[in-house]
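Colleague: Please read through the structure below; I'll follow up with questions.
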Amino acid sequence: MGNSFVGQPLFGLSLSVIVYTGAYMLQQRWRFLHPLFVCTGLVILILISFHIPYEAYKHGADFLTLLLGPATVALGVPLYKYASLIRQHYKRVLLSVLAGALTGITASALLAGLLGGSRTVILSMMPKSVSSPIALEIASHLGGIPELTAVLTTLTGLVGSMFGTRFLRWLGIYDDISIGIAMGTAAHGIGTAKVLKDSELQGSFSGLSMGICGILTSILFVPLYFLLGH
């Protein structure tokens with residue numbers, strides 16, 4: 001690829017849009033393939049194969065990152081629509097998200113420890129169930145590796161979006177509110193985007209749970225921060 005085009009912001013933006021479009025078309029045929037999972041893999045493969053620096057790709061792809069802000073704010077629309085229903089179930093939401101946040105943190109630490117992970121790896125893995133900006137800040141302050149946390153957080157969302165609702169239904173859980181709470185707590189924004197396509201009610205409770213989980217997780221890590229001597 002010509003260096004002149006690769007160095008332009010249009011390169012990263014065009015590559016992202018084209019590859020995602022192809023990944024989305026593949027999902028129409030094979031439903032189990034998540035577009036973001038396929039898109040991420042293909043972009044990495046292209047960058048490695050053509051020896052394209054990540055910085056050159058990121059220069060244009062940052063425009064898409066900028067759009068995440070308005071997209072997140074847009075989740076407030078279904079929240080407003082189901083505001084009365086949310087008020088009826090706010091205790092259920094808070095308790096469920098708190099339980100999910102504690103389970104996610106504890107399970108991550110135990111799994112990493114049992115597999116022989118170092119303290120740094122464990123600290124990097126523990127905040128993986130919240131959205132990336134929050135997870136990266138937590139990992140950075142605890143002494144983890146933010147780059148590793150970013151990868152684990154993305155994988156958590158992808159796996160949750162691909163298998164989360166299937167697993168819940170396998171357990172006999174079909175209630176939209178329960179599915180939304182579980183997906184928002186465990187699979188943050190990627191999981192929320194998935195259930196929002198399935199049901200607006202699921203998406204509203206998932207978006208709410210995602211936000212609450214980020215707040216509660218940040219608070220839960222405060223004692224650990226001081227215990228580690230920061």
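The values are calculated or read from the model by the stated rules, or taken from the named source; none is laboratory data. In this text, all values refer to a predicted model and were calculated from it rather than measured experimentally. Here the Cβ is made from the backbone with ideal geometry for all residues, glycine too, and neighbour counts use every protein chain on show. Areas reflect the complete protein model, heavy atoms only, side chains present, ligands, DNA and RNA absent. Shrake-Rupley method; radii C 1.70, N 1.55, O 1.52, S 1.80 Å.
Colleague: Residues of the stretch 23-55 being under 17 Å from the mean Cα position of the chain (by Cα) and not in a helix (DSSP H, G or I), which ones?
Modeller: Pass one, the stretch 23-55, residues under 17 Å from the mean Cα position of the chain (by Cα): 33-41.
Matches in the stretch 23-55: LEU33, HIS34.
Colleague: Could I ask something else about it? Considering SER131, SER161, which residue is under 19 Å from LEU208 (Cα atoms), out of contact with any Pro (no Cβ under 8 Å at 6 or more places or on another chain) and open to solvent by 20 Å² or more (accessible area, probe 1.4 Å)? Give the derivation first.
Modeller: Details: SER161 fails: open to solvent by 20 Å² or more (accessible area, probe 1.4 Å).
Within the list SER131, SER161, the selection yields SER131.
Colleague: When the stretch 15-63 is examined, which residues are found to be surrounded by 14 or more Cβ atoms within 10 Å (Cβ to Cβ) and among the hydroxyl-bearing types (Ser, Thr, Tyr)?
Modeller: If the condition is that a residue be surrounded by 14 or more Cβ atoms within 10 Å (Cβ to Cβ) and among the hydroxyl-bearing types (Ser, Thr, Tyr), then SER16, TYR20, TYR24, THR40, TYR57 are the ones that fit.
Colleague: Pairs, please: C-beta under 6 Å, at least 6 apart or cross-chain, first residue farther than 22 Å from LEU155 by Cα and in the stretch 38-53, second of a type in the set (A, V, I, L, M) and open to solvent by less than 20 Å² (accessible area, probe 1.4 Å)?
Modeller: Close Cβ pairs (under 6 Å, with a partner that is of a type in the set (A, V, I, L, M) and open to solvent by less than 20 Å² (accessible area, probe 1.4 Å)) amount to ILE52/VAL6.
Colleague: Let me ask you something else. In the list ALA135, ALA107, which residue meets the criterion of being closer than 20 Å to LEU224 by Cα, in a helix (DSSP H, G or I) and under 14 Å from the mean Cα position of the chain (by Cα)? Before the answer, list the steps.
Modeller: Working: ALA107 fails: under 14 Å from the mean Cα position of the chain (by Cα).
Matching residue, one of ALA135, ALA107: ALA135.
Colleague: Sticking with this structure for a sec: Which ones in the stretch 143-154 are modelled with pLDDT of 90 or more, outside any loop (DSSP other than H, G, I, E, B) and of a type in the set (A, V, I, L, M, F, W, C)?
Modeller: Of everything in the stretch 143-154, those that are modelled with pLDDT of 90 or more, outside any loop (DSSP other than H, G, I, E, B) and of a type in the set (A, V, I, L, M, F, W, C) turn out to be LEU148, LEU152.
Colleague: Now a separate question. Criterion first (surrounded by fewer than 23 Cβ atoms within 10 Å (Cβ to Cβ) and more than 29 Å from LEU33 (Cβ to Cβ)) does GLY117 satisfy it? Give the derivation first.
Modeller: Working: surrounded by fewer than 23 Cβ atoms within 10 Å (Cβ to Cβ): yes; more than 29 Å from LEU33 (Cβ to Cβ): yes.
Yes; evaluated as a whole, the condition is true for this residue.
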